[in-house]
Amino acid sequence: MDEKYKHIRRAVRAEIRENSSLIESLKCFVDNDAVFYPGYGNLGDGLIALGTLDLFEDIGWAPKCIQGRHKEAFSGYTHIVMGGSGGWVKGMWETYLEQTIAFLQNGGQLLILPTSFSGFGSEFVPYADQVTIFCREQRSYDELLRQGMPEGQIFVCPDMAFYTKEEHFSDLEIEGQYPALQIFRLDEEGGRKQTPRDSVDLPLLFNDIQWSTTEQCVKPLRAVAGLMSQFECVETDRLHMAVLAALIGRIVKLEPSNYFKIKAIFDYTLHRFPTVTFEERTSDYTLAEQGKRAEAQLLRDIIKRINLDRQAEWEQRTTVLRQNDALLSRLEKLQGKLNEISEEKEKEIKKRTDLIDYIRHLEHEMLCKDREISDKDQDISRKISEFDQVRQELEKIQSSRLHRVGEKYYSIFRLPMFGVVLRMVRKVIVK
């Protein structure tokens with residue numbers, strides 16, 4: 001097996017890693033707490049996501065991922081990095097338009113990783129200073145310039161699928177035993193009206209998935225790469241089946257789909273792989289049939305969007321009901337707490353009332369005691385007054401002449417000799 005493809009693969013990977021506009025833009029968004037919005041789609045989108053996640057790992061970023069496609073998916077964020085894809089084809093793939101414009105209208109900053117654009121561009125012009133766009137080929141870049149986007153906001157960089165690490169598939173790079181594996185599109189983007197009988201549209205086995213983790217991407221991609229490794233050649237109009245086959249050294253015969261992306265990416269990147277060739281092929285569909293296919297796809301997208309809006313409305317209604325239940329539960333708890341507080345307050349009021357009554361009772365007793373003390377004080381004062389009067393009378397008596405005579409009499413009366421005579425005289429007189 002010619003191993004020139006390995007050198008080409010490493011060179012393209014280095015080109016992405018050394019794209020200063022891409023790396024500086026990513027680091028600026030990382031510094032502003034950006035989140036990552038992985039793209040939806042089939043297995044080809046899984047290969048884009050795998051390369052993107054490998055680059056994030058190399059620059060040391062493990063971003064939070066946004067899930068969902070409803071209108072409000074981007075609300076609450078200021079900086080969003082959107083995964084690359086082919087989802088910007090007017091009239092066929094308009095998956096992200098509504099939520100993206102709503103995000104920009106709210107002042108958000110958006111970084112779109114390498115993507116193809118067909119018919120889009122003017123929608124971004126009013127928000128040009130909020131959008132940084134990387135195109136994965138020159139034609140999309142020219143389309144955005146034509147639509148009015150300024151040069152300073154748009155850049156060119158290879159598709160992120162080329163950044164996938166060798167380790168994911170290196171053990172599958174073996175000599176194929178069978179001649180050709182045909183993988184032609186069965187959806188609206190296919191260029192063939194009738195696909196070959198042996199063709200298998202493998203990416204549709206894993207369709208409409210939001211590819212957000214490395215493990216989620218690697219498992220189905222290895223399964224398909226393992227099948228490819230059994231064949232010498234892969235014939236396809238599936239861009240990322242061609243990229244995956246080129247990365248593991250298969251011969252690739254590539255045909256166009258119903259718009260320019262395959263030829264444009266072949267001219268920009270895939271032509272470097274010596275095992276890959278591109279063959280122009282006129283579509284089997286008439287212009288009228290192509291118009292009907294585009295209309296049918298547009299109707300399907302409208303129905304999908306309506307269903308998504310309905311689902312988002314239902315989810316919002318469910319969220320509101322849950323919030324109402326939570327508020328009612330909280331109200332019940334608050335009411336119970338209020339009742340407890342009311343009971344405690346009533347107890348406090350009763351304690352306060354009882355305390356006031358007790359204080360009043362004490363005041364009454366103190367008043368009574370004061371009255372008793374006052375009465376006793378008056379009684380004592382009266383008795384002191386009476387005592388003073390008696391004392392004064394006693395003093396008068398003691399100071400009287402008669403009292404002095406009496407004192408002398410009794411002093412004589414107590415003498416031993418005169419006392420006896422006087423006591424005898426007294427007895428005679430008393431008798």
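May I ask you to list the residues in region 49-91 that are under 23 Å from residue 23 (Cα atoms), assigned to a loop (DSSP other than H, G, I, E, B) and open to solvent by 40 Å² or more (accessible area, probe 1.4 Å)?
Selection gives 60, 62, 64, 77, 78.
Say we look at region 184-209 and pick out the residues that are on the phi < 0 side of the Ramachandran plot, open to solvent by 20 Å² or more (accessible area, probe 1.4 Å) and within 41 Å of the chain's Cα centre (by Cα); which of these is modelled with the lowest pLDDT?
Of all residues in region 184-209, those on the phi < 0 side of the Ramachandran plot come to 184-207, 209.
Restricting the remaining residues to those that are open to solvent by 20 Å² or more (accessible area, probe 1.4 Å) gives 186-188, 192-200, 204-207, 209.
Filter once more, keeping what is within 41 Å of the chain's Cα centre (by Cα): 186-188, 204-207, 209.
Numbers: 186: 85, 187: 78, 188: 71, 204: 90, 205: 92, 206: 92, 207: 90, 209: 93.
Out of the qualifying residues, it is 188.
Name the residues in region 92-107 that are open to solvent by 20 Å² or more (accessible area, probe 1.4 Å) and either over 17 Å from residue 264 (Cβ atoms) or touching a His at 6+ places or on another chain (Cβ under 6 Å) (or both), would you? First the steps, then the outcome.
Initial filter on region 92-107 (open to solvent by 20 Å² or more (accessible area, probe 1.4 Å)): 93-95, 97-98, 101-102, 105-107.
The answer is 94, 95, 97, 98, 101, 102, 105, 106, 107.
Residues in region 202-219 that are within 28 Å of residue 280 (Cα to Cα) and assigned to a loop (DSSP other than H, G, I, E, B): how many?
1
Take the residues of region 257-274 that are at pLDDT 95 or above and β-branched (Val, Ile, Thr): which is surrounded by the most Cβ atoms within 10 Å (Cβ to Cβ)?
Checked region 257-274; the qualifying residue surrounded by the most Cβ atoms within 10 Å (Cβ to Cβ) is 265.
Within the set of pairs 6 or more residues apart or between chains, which connect a residue that is closer than 15 Å to residue 234 by Cα inside region 192-208 to a residue that is of a type in the set (Asp, Glu) with Cβ atoms less than 9 Å apart?
195/201; 196/235; 199/235; 201/187; 203/45
Please determine whether any residue of region 29-43 is modelled with pLDDT of 95 or more and closer than 27 Å to residue 250 by Cα.
Checked against the condition, which is being modelled with pLDDT of 95 or more and closer than 27 Å to residue 250 by Cα, region 29-43 yields at least one hit.
Is it fair to say residue 37 is surrounded by 22 or more Cβ atoms within 10 Å (Cβ to Cβ), of a type in the set (Ser, Thr, Tyr) and within 21 Å of the chain's Cα centre (by Cα)? Can you show your working first?
Details: surrounded by 22 or more Cβ atoms within 10 Å (Cβ to Cβ): yes; of a type in the set (Ser, Thr, Tyr): yes; within 21 Å of the chain's Cα centre (by Cα): yes.
So residue 37 fits the description; yes.
Out of curiosity, is residue 110 without any contact (Cβ under 8 Å) to a residue 40 or more places away in the chain, within 23 Å of residue 151 (Cβ to Cβ), open to solvent by less than 10 Å² (accessible area, probe 1.4 Å) and outside any strand (DSSP E or B)? If you could, list the steps in order and put the result at the bottom.
On the way: without any contact (Cβ under 8 Å) to a residue 40 or more places away in the chain: yes; within 23 Å of residue 151 (Cβ to Cβ): yes; open to solvent by less than 10 Å² (accessible area, probe 1.4 Å): yes; outside any strand (DSSP E or B): no.
When the stated conditions are applied, residue 110 does not pass them.
Can you pull out every residue in region 11-27 that is open to solvent by 70 Å² or more (accessible area, probe 1.4 Å) and either acidic (Asp, Glu) or without any contact (Cβ under 8 Å) to a residue 60 or more places away in the chain (or both)? I'd like the intermediate steps shown before the answer.
Taking region 11-27 first, the residues open to solvent by 70 Å² or more (accessible area, probe 1.4 Å) are 17-18, 24, 27.
Result: 18, 24, 27.
Residue 212: farther than 28 Å from residue 143 by Cα, hydroxyl-bearing (Ser, Thr, Tyr) and over 41 Å from the mean Cα position of the chain (by Cα), yes or no? Let's see the steps before the verdict.
Working: farther than 28 Å from residue 143 by Cα: yes; hydroxyl-bearing (Ser, Thr, Tyr): yes; over 41 Å from the mean Cα position of the chain (by Cα): no.
Criteria not met by residue 212.
Give me a count of the residues in region 134-187 that are over 21 Å from residue 256 (Cβ atoms) and of a type in the set (Gly, Ala, Ser).
Selection size over region 134-187: 4.
I'd like the full set of residues that are surrounded by fewer than 16 Cβ atoms within 10 Å (Cβ to Cβ) and part of a helix (DSSP H, G or I), limited to region 148-170.
151, 152, 166, 167, 170
The values are calculated or read from the model by the stated rules, or taken from the named source; none is laboratory data. Just so it is clear, the structure is predicted and the values come from calculations on it, not from any experiment. We place every Cβ from the backbone using ideal geometry, glycine too, and count neighbours over all the protein chains shown. These area figures cover heavy atoms from the full protein model, side chains too; ligands, DNA and RNA do not enter into them. Shrake-Rupley method; radii C 1.70, N 1.55, O 1.52, S 1.80 Å.
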